[in-house]
Amino acid sequence: MLKQFFIICSGADTDILNSSAIGEQNKYAGIGATVFFTALMAFIASSYALFTVFDNLYAAIGFGLVWGLLIFNLDRFIVSTIKKRNKIFDEIIQATPRLILAVIIAIVISKPLELKIFEKEINQVLLEQKNELTLNNKDQIALQFTPKTKALEEDILALQDEISNKETEVNTLYNTYITEAEGTSGTKKLGKGPVYKEKREKHDAALAELQQLKDTNKQKITTIEAEVTQLNADYKTQVTTSQPIIDGFDGLMARVNALNELPWLPSFFIFLLFLAIETSPIFAKLLSPKGEYDFKLEDQETAIKTIVSQKVEERKLALEADFSINKRVYKDLTEEEELYQYKRKKARALMQLQADAFYKRQEKLLE
């Protein structure tokens, strides 16, 4: 039962193969088994690849089954269409496009399995890439907020400097009227005279201005600090919002690119393994001698080809004979007087009708 199933997988003619030797049946059963297990590996590989895309087990298995059947049909077609010829060069020319297709299939099958085999190493590469993306993302977002934040902080420093300058001015005026009262500067007179009062009034006015300035600038600083706090909050919100996109950076394309960052030799050996599996049925047919099955198949095909060629040639001869007979018939008809008089009568009637129609059209134009 299993042997018969593998023979069907090989694409061989079961009627011819069942009448052939056991060795021929075993050869094609082995070829069919290779085709079947290649399709099975294609199903597993595509299911894993599609699972990384859809993140849904049932969808991945469904599409993977379709892909596995497609590969099975292609491999079966490739093997079944290779015929044994009398010249090895003709067989190589016949197998070349099929070998190219087999190489493409091997690449497609091996890549998803490489992703699974090197999953831990790929995850490490992806982690490093995610960390780099996170840092770059923060820097890019900061470029949107840093200039505004720095400008607001400079405004706060300017307001604080304004208060400091005013305080310095008030302190200077304070020292001026105190030293005037002590007689150590100004008029050098001890006591609170008119000059002292004038300087005291300037100090008190500056002190009031300082207090007003502190109140005004404090309100401005509070408003600006609130804007800075809001900008920092917006920055953190944008970083938090964009982080899930970076965390989800582990799709199929990202994994393939991460795989390319790893040493190429292990992946190349896995590709060679699948290439050997995929091309083994083709080489088995090319290298194996012409067997009983091949002779029987050739006999069947040439027999049908001979019958078809005979029918085509017979149709050509029948057509040539029909043309020859028709020529003789029409030649004899041209010499009959009765046919000539009948056709002459019909031609006369037709010309009369044409003349009458022309006359009627001309008469209408003249009305």
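Couple of notes before you dig in:
- Entry for Rg/Rh (Cα atoms, Kirkwood Rh) (calculated from the structure that is shown) out of (i) 0.92; (ii) 0.94; (iii) 1.54: (iii)
- Counting 0.36 nm for each residue step from residue 117 to residue 333 and taking away their Cα separation leaves a gain of 69.0 nm.
- Taking segment 308-366 as the region of interest, the number of lysine pairs whose Cα atoms are within less than 22 Å, with members eight or more places apart or on different chains, is 6.
- Mean separation of Cα pairs under 8 Å and 6 or more residues apart, divided by the residue count, gives the chain a relative contact order of 22 percent.
- All lysines inside 17 Å of residue 218 as judged from Cα atoms, apart from same-chain residues fewer than 8 positions distant: 166
- Listed residue pairs exceeding 22 Å between alpha carbons, taken from 111/138; 111/285; 150/236: 111/138; 111/285
- Residue pairs exceeding 20 angstrom between C-alpha atoms, taken from 27/290; 148/220; 3/116: 3/116.
- Local electrostatic count, residue 266, Cβ distance below 15 Å [Lys/Arg +1, Asp/Glu -1]: -1
- Protection proxy ranking, peptides 12-21, 33-42, average beta carbon neighbours within 10 Å, highest first: 33-42, 12-21
- Proximal charge balance of residue 231 [Cβ under 12 Å; K/R count +1, D/E count -1]: -1
- For residue 32, net neighbour charge (Lys/Arg +1, Asp/Glu -1) across residues whose Cβ lies under 14 Å away: +1
- Taken about its Cα centre, segment 308-366 carries a charge dipole of about 420 debye when Lys and Arg each add +1 at the Cβ and Asp and Glu each add -1 at the Cβ.
- Span-rule helices in the chain, defined as complete DSSP H runs reaching 18 Å or more along the axis (Cα) with Kyte mean at least 1.6: 264-287
Any read-out appearing in this document is the output of simple, stated calculations on the displayed coordinates, not a laboratory observation. All figures in this text were calculated on a predicted structure; none of them were measured in a lab. For neighbour counting, all protein chains shown are included, and Cβ atoms are generated from backbone atoms with ideal geometry for every residue, glycine included.
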